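The structure appears right after this line, and notes come after that.
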Amino acid sequence: MPNSALKRKLVKAITLGEWERPMPEVFHESESMRAAIHAHRPEWLIEHPDLRHWHELRADWQSGWWRRARTDSKAESARIDQLGGDDLRRAREAAHFFRKDAIDAKRTFGSVNVDDVPVVFEAPVFGWDGKPFEAWRADGITTWWREFVENDDSACSDWLGPWVDRRAIAEDRGSWHSFWTREVSMSELPFHWLRWALDYVQRTRRTTDGTPVDNQIGTYLAACDIFVSGDRALLDCIEKVRHGSPSALAKSQLVSAGSQGVAELFSAIRNLGAVTELS
């Protein structure tokens, strides 16, 4: 943001201590994944996990990171870009690739449906029964393998690595395929399903560099009461996936641009408080 004075004001507002902040979306995804592994593959869990780093990281996200952003946002921004800049660039490239793929396949926003998207492996795979399975499962097979099993330096590894033995999974790939294609359910992995569903629908709309960021933010729909945005296209995508979601999603609300949008945001918060008191 080129206007440094405005940036300082915004950062101070965002980092006020009065706000209650959710944990990063990957934390919620990893926690649900850990619960699913505990239910279906307890042998993949580490018997005596060393949780020191896990607790330090959680504490940092709850307070320390916000203090650094408030007191030295420029340095913290540089650290974020160094640690995750390449991931964001790859996500933007992938978003543009998948948009082209949707156009080539003639998938449109009006026709896309997240309820029934069957897929199969192109060749027989150990642990797969040969029958079609849902596309969100296929996404889980590749995404979690890439981001967790093969990558010990990812955010998934930070949150899941202390609990789950990635070597045990790597040596049991057939079981990994069975876990994903048949055993784990949407309701056990609501954050993963939501991330996949939003991405699948977003491919049918105009893609920008902000598309993968919207997808990341959208994960919070399963963890909050209202979701406020000035982006009508994003809210349209949210409504498209709502009926298929395995968990309740936040109410979405479109707000105006500029100062009017700020007034509408705080009005929505006040109304939410009134509803909470009545209930």
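The values are calculated or read from the model by the stated rules, or taken from the named source; none is laboratory data. Keep in mind that this is a model prediction, so the values were computed, not measured. Methodologically, a virtual Cβ is constructed for each residue, glycine included, from the backbone with ideal geometry; neighbour enumeration extends over all protein chains shown.
One residue is enough: does the stretch 144-160 have a residue meeting the conditions of a type in the set (D, E, K, R), surrounded by 15 or more Cβ atoms within 10 Å (Cβ to Cβ), farther than 18 Å from Q216 by Cβ and touching a residue at least 40 places away in the same chain (Cβ under 8 Å)? Spell out how you get there, then give the answer.
Residues of the stretch 144-160 of a type in the set (D, E, K, R): 146-147, 150, 152-153, 158.
When the remaining residues are screened for being surrounded by 15 or more Cβ atoms within 10 Å (Cβ to Cβ), the result is 147, 158.
Applying the additional criterion that residues be farther than 18 Å from Q216 by Cβ yields none.
The answer is no, given that none of the residues of the stretch 144-160 is of a type in the set (D, E, K, R), surrounded by 15 or more Cβ atoms within 10 Å (Cβ to Cβ), farther than 18 Å from Q216 by Cβ and touching a residue at least 40 places away in the same chain (Cβ under 8 Å).
Which one is surrounded by the fewest Cβ atoms within 10 Å (Cβ to Cβ) among residues in the stretch 46-75 that are acidic (D, E) and over 16 Å from K9 (Cα atoms)?
Step one: of the stretch 46-75, the residues acidic (D, E) are 47, 50, 56, 60, 72.
Those left that are additionally over 16 Å from K9 (Cα atoms): 47, 50, 56, 60.
On the way: E47: 7, D50: 10, E56: 11, D60: 13.
Applying the filter and picking the extreme gives E47.
Could you list, in sequence order, all residues of the stretch 233-258 that are modelled with pLDDT of 90 or more, part of a helix (DSSP H, G or I) and not charged (D, E, K, R)?
Correct list: A233, L234, L235, C237, I238, V241.
Taking the stated definitions as given, is V125 in a loop (DSSP other than H, G, I, E, B), farther than 29 Å from I37 by Cα and in contact (Cβ under 8 Å) with a residue 40 or more places away in the chain? Quick ask: steps written out before the conclusion?
Working: in a loop (DSSP other than H, G, I, E, B): yes; farther than 29 Å from I37 by Cα: no; in contact (Cβ under 8 Å) with a residue 40 or more places away in the chain: yes.
No, not satisfied.
Tell me the residue from S77, S63, S30 that is under 13 Å from D158 (Cα atoms), among the polar types (S, T, N, Q) and under 23 Å from the mean Cα position of the chain (by Cα), please.
Values: S77 fails: under 13 Å from D158 (Cα atoms); S63 fails: under 13 Å from D158 (Cα atoms).
Of the residues listed, the single one that is under 13 Å from D158 (Cα atoms), among the polar types (S, T, N, Q) and under 23 Å from the mean Cα position of the chain (by Cα) is S30.
Inside the stretch 103-122, can you point out the residues that are touching a Phe, Trp or Tyr at 6+ places or on another chain (Cβ under 9 Å) and either over 18 Å from C237 (Cα atoms) or outside any loop (DSSP other than H, G, I, E, B) (or both)?
Result: P118, V119, V120, F121.
Considering only the stretch 189-205, I want to know if a residue exists there that is of a type in the set (D, E), touching a helix residue (DSSP H, G or I) at 6+ places or on another chain (Cβ under 9 Å) and not in a helix (DSSP H, G or I). I'd like the intermediate steps shown before the answer.
Residues of the stretch 189-205 of a type in the set (D, E): 199.
Filter once more, keeping what is touching a helix residue (DSSP H, G or I) at 6+ places or on another chain (Cβ under 9 Å): 199.
With not in a helix (DSSP H, G or I) added as a condition, the list becomes none.
Among the residues of the stretch 189-205, not one is of a type in the set (D, E), touching a helix residue (DSSP H, G or I) at 6+ places or on another chain (Cβ under 9 Å) and not in a helix (DSSP H, G or I), which makes the answer no.
Any idea how many residues of the stretch 101-112 are surrounded by 14 or more Cβ atoms within 10 Å (Cβ to Cβ) and not aromatic (F, W, Y)?
First, pick out the residues of the stretch 101-112 that are surrounded by 14 or more Cβ atoms within 10 Å (Cβ to Cβ): 102, 107, 109, 112.
Of the ones still in play, those that are also not aromatic (F, W, Y) are 102, 107, 112.
Number satisfying all stated conditions: 3.
In the set E18, E47, E25, which member is within 30 Å of R137 (Cα to Cα) and modelled with pLDDT under 95?
Details: E18 fails: within 30 Å of R137 (Cα to Cα); E47 fails: modelled with pLDDT under 95.
None of the other options fit; the residue is E25.
State whether the residues of the stretch 241-264 include one that is among the small types (G, A, S), out of contact with any strand residue (DSSP E or B) (no Cβ under 8 Å at 6 or more places or on another chain) and at positive phi. Spell out how you get there, then give the answer.
Start the filter on the stretch 241-264 by keeping residues that are among the small types (G, A, S), which leaves 244-245, 247-248, 250, 252, 256-259, 261, 263.
Still in the running and out of contact with any strand residue (DSSP E or B) (no Cβ under 8 Å at 6 or more places or on another chain): 244-245, 247-248, 256-259, 261, 263.
Going one step further and asking which of them are at positive phi, we end up with 258.
Looking through the stretch 241-264, at least one residue is among the small types (G, A, S), out of contact with any strand residue (DSSP E or B) (no Cβ under 8 Å at 6 or more places or on another chain) and at positive phi.
Please work out which residue is surrounded by the most Cβ atoms within 10 Å (Cβ to Cβ), limiting yourself to the stretch 193-236 and to residues that are more than 16 Å from S111 (Cα to Cα) and of a type in the set (S, T, Y).
This residue is T211.
Quick one: which residue in Q216, Q260 is of a type in the set (S, T, N, Q), out of contact with any Leu (no Cβ under 8 Å at 6 or more places or on another chain) and under 21 Å from V112 (Cβ atoms)? Can you show your working first?
Details: Q260 fails: under 21 Å from V112 (Cβ atoms).
Sole residue among the options that is of a type in the set (S, T, N, Q), out of contact with any Leu (no Cβ under 8 Å at 6 or more places or on another chain) and under 21 Å from V112 (Cβ atoms): Q216.
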